[in-house]
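Enquirer: Quick one: the structure is below, and I'll ask about it shortly.
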Amino acid sequence: MTKTGSSTLLLSLGDRESRVRLTGEDGVSREFVLALGLDAMTPGPFRRDPPTPLELEQAILVAEELLTPLELEQAIMVVEDVLMPLAAHVPPHPLVELHSPVPLAERLGSHELSRESIERLFGQLVAMVEGDPLASAQLPRDRRFAAALLILREWMHHLDAGSVALVDQ
């Protein structure tokens, strides 16, 4: 887990759901279950390797609201609907430890990444799904990787994490 003053935070991505464990200075832990996981987006919105631009937008919806997305604009709202209520219980952490069944560190070449690096990678993912051949050469083209990157990006964006430590399971 990752310590920040008086608490630790662990985000564990799962296949069908993800978990957040927040442990206070007193050692008391609270766990939150998020109804989104890597396979919840595959074959959900992510049906191709790599996902299409529309699938990427729809997946943002699934991660934010956990609803079946109908329109492009709804995509961002879905992830926010799942993560924003959690923000009241999870204080910002400068470093979040992430466990994922997808070997992210191996694929990204680093075990610790800043929020800015994650945003750049997400931008590359967007460019790849829009057909940019340079972007497609730099990132894995599979749906589970895209789902992990999307969930991590939305977490860092909405719950104010400065960086992430990627830990293999």
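Bear in mind these aren't lab numbers, they're just calculated from the coordinates by the rules spelled out. Everything numeric in this text was worked out from a predicted model, so none of it was measured. Reconstructed Cβ throughout: ideal geometry from the backbone, glycine too, with neighbour counts over all protein chains shown.
Enquirer: Work out how much length Glu25 to Gln138 would gain on full extension: take 0.36 nm times their residue separation and subtract the Cα-Cα distance, in nm to one decimal.
Expert: Values: separation 113, 0.36 × 113 = 40.68 nm, distance 4.08 nm.
Gain on extension, Glu25 to Gln138, equals 36.6 nm.
Enquirer: Could you put Val96, Val33 in order, starting from the residue whose Cβ has the fewest other Cβ atoms within 10 Å? Display every interim value, and only then the final one.
Expert: Working: Val96 27, Val33 10.
Going from least to most buried by this count: Val33, Val96.
Enquirer: Shifting gears a bit: Once you place label points 7 Å from the Cα toward the Cβ at Ala35 and Asp160, how far apart are they in nm?
Expert: 2.8
Enquirer: By how many nm would the segment from Glu130 to Ser117 lengthen if fully extended, with 0.36 nm per residue of separation less the alpha-carbon distance?
Expert: Working: separation 13, 0.36 × 13 = 4.68 nm, distance 1.98 nm.
Stretched fully, the Glu130-Ser117 segment lengthens by 2.7 nm.
Enquirer: Sort Ser7, Ser100, Ser110 so the one with the fewest other Cβ atoms within 10 Å of its own Cβ comes first. Each step should come with its number before you reach the end.
Expert: On the way: Ser7 19, Ser100 24, Ser110 13.
Exposure proxy ranking, most exposed first: Ser110, Ser7, Ser100.
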